[in-house]
Amino acid sequence: MYCSGCGQLLESNQPRCSRCGKYAVTPPAQTATPGYPGTPGVVTQGAGAQLTRVQKNVQALGILWIVYAVMNVIEVVVAATLLTGMTGIFGNLWGLNRGLFWERFPFYNAPWVIPVITTFVIARAVLAALAGWGLLQRAPWARTLALVAAFLTLLRPVLGTAIGIYTLVVLISAQSRREYEAISQRHF
């Protein structure tokens, strides 16, 4: 049985809903019909389960955001290593600091640029990792965070744009919001 007020699954002998306090109404026979999880008549678990679009894609989205975060961290490590190697102690050992070009490479007059770029890339990696972890945990806040991350990565060519578009297609609609809220209520 389901609560007629909030759609909460009730035990067969439970007269009132523990969430909203409304008295239970016996619905018609349980069948797999289109709708949202937690609404009467929708089977979302078991052999005859019908998964919603969000349920089908949220696991993949979470994994993709975590992979994207790891790739951003690798990008920072490689870029920092190369730039330090060209201009720092390794550049002197390899003989790269000879001549006018290498003495002023890459940001001689703006030494703050590399730390600022590194900070932004690390912040993007943390945002992506939190969004991915939250989606995998079905956290209530994860949908909003994933949408923010998607908008911020749309201009990041190829992989960022692809993950951003995929996230927006799966999570941005009002129906997706209701579906995600339904699955996040079961996990939290």
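The values are calculated or read from the model by the stated rules, or taken from the named source; none is laboratory data. A quick note: this is a predicted structure, and the numbers were derived from the prediction, not measured. Using ideal geometry, Cβ is built from the backbone for each residue, glycine included, and neighbour counts are taken over all protein chains shown. Only protein heavy atoms, including side chains, enter the accessible area calculation; ligands, DNA and RNA are left aside. Shrake-Rupley method; radii C 1.70, N 1.55, O 1.52, S 1.80 Å.
Kindly indicate whether Gly160 is within 19 Å of Ile66 (Cα to Cα), open to solvent by less than 70 Å² (accessible area, probe 1.4 Å), out of contact with any Asp or Glu (no Cβ under 8 Å at 6 or more places or on another chain) and free of Cβ contacts under 8 Å to residues at least 40 places away in the same chain.
Numbers: within 19 Å of Ile66 (Cα to Cα): yes; open to solvent by less than 70 Å² (accessible area, probe 1.4 Å): yes; out of contact with any Asp or Glu (no Cβ under 8 Å at 6 or more places or on another chain): yes; free of Cβ contacts under 8 Å to residues at least 40 places away in the same chain: no.
It is false that Gly160 is within 19 Å of Ile66 (Cα to Cα), open to solvent by less than 70 Å² (accessible area, probe 1.4 Å), out of contact with any Asp or Glu (no Cβ under 8 Å at 6 or more places or on another chain) and free of Cβ contacts under 8 Å to residues at least 40 places away in the same chain.
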Self-check item: Residue satisfying all of: in the range 71-87; surrounded by 13 or more Cβ atoms within 10 Å (Cβ to Cβ) and over 20 Å from the mean Cα position of the chain (by Cα); modelled with the lowest pLDDT among these
Solution: Thr87
Quiz item: With (1) within 20 Å of Ala60 (Cβ to Cβ); (2) modelled with pLDDT under 95; (3) not β-branched (Val, Ile, Thr) as the list, and Trp133 as the residue in question, which single condition is left unmet?
Solution: (2)
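For the range 126-144, state whether one or more residues are assigned to a helix (DSSP H, G or I) and basic (Lys, Arg). I'd like the intermediate steps shown before the answer.
The initial filter retains those residues of the range 126-144 that are assigned to a helix (DSSP H, G or I), namely 126-137, 142-144.
Next, only the ones that are basic (Lys, Arg) stay: 143.
Within the range 126-144, one or more residues are assigned to a helix (DSSP H, G or I) and basic (Lys, Arg).
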Practice problem: State which residue pairs qualify: first residue at pLDDT below 70 and inside the range 1-25, second residue in a loop (DSSP other than H, G, I, E, B) and exposed (fewer than 10 other Cβ atoms within 10 Å of the Cβ) in any location, beta carbons under 8 Å apart, and separation of 6 or more residues or different chains. | Solution: Met1/Glu11; Met1/Ser12; Tyr23/Pro15; Ala24/Pro15
Practice problem: Consider only pairs whose beta carbons are under 8 Å apart and that are at least six residues apart or on different chains; among these, list those whose first residue lies in the range 168-184 and is farther than 15 Å from Gly62 by Cα and whose second residue is open to solvent by less than 10 Å² (accessible area, probe 1.4 Å) and in a helix (DSSP H, G or I). | Solution: Ser176/Val54; Ser176/Val170; Arg177/Leu171; Glu179/Val54
Exercise. Please work out if Leu100 is closer than 30 Å to Lys56 by Cα, modelled with pLDDT under 95 and among the hydrophobic types (A, V, I, L, M, F, W, C).
Key: no
Quiz item: Taking Val158 and the conditions (1) on the phi > 0 side of the Ramachandran plot; (2) in contact with a Pro (Cβ under 7 Å, 6 or more places away or on another chain), which numbered condition does it fall short on, given that it satisfies the others?
Solution: (2)
